[in-house]
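Report on the following structure.
Computed from the coordinates by the stated procedures, all read-outs in this text should not be read as laboratory data. The structure displayed is predicted, hence computed values, not measured ones. Here the Cβ positions follow ideal geometry from the backbone for every residue, glycine too, while neighbour counts run over all protein chains shown.
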Amino acid sequence: MSLISGEMNRRPVYCRRNGSKSSAGFTLIEILVTMFILAIGLLGLAALVVDGMRNNQGAYLRTQASILAYDMADRIRLNRDEAEGGGDYDGFSTDGAGTALPACFAAAAGCTPSQQVVVDKVQWTRQIQGVGEGIALLPGGQGDVNYVAADNAFVIQVSWEERDRQGDDGEDIAGDTSYTVRFTL
């Protein structure tokens, strides 16, 4: 009986494999794979952020160009008498244009309508080139004003330099670095 009672008091011994070593190694591999997948995801996210910033910059430049184009259109409309038939506004380009304001601009009497044409051109050139403000609204900006006699319409175009962007299929998007306004008096 003592043998039987002794056998009964024994606890069964289970065969253990050294599971702690293989389990710990497997956990490290899981962590490394997880970190690799996370790193790839973060790189993709960073690329999306950079692409979004580039698109926002392009939208900002197009907005500035539209503001500048409509600014000159409003200047021409305000000086309608001098703008009839194109006037002195026709054929104007900010490329190489002077940026010194005429004396009448600071005079108490103001400018005559013909002098106002010069003021309008100079102020518009200064805005596009960033003269006197320290920063150009458009990098490499240029503005052109032309009169189309057949349509009795003015065409104002503002262009700038911008890094080409890529479309959905990887093609370069070019030609969207200008903004054009066409209007009649």
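Couple of notes before you dig in:
- Using the Cβ-Cβ distance between residue 183 and residue 104 with R0 set to 41 Å, the FRET efficiency from 1/(1 + (r/R0)^6) comes to roughly 0.95.
- In this Cβ point-charge picture (+1 for Lys and Arg, -1 for Asp and Glu), region 19-184 has a dipole of about 580 debye about its Cα centre.
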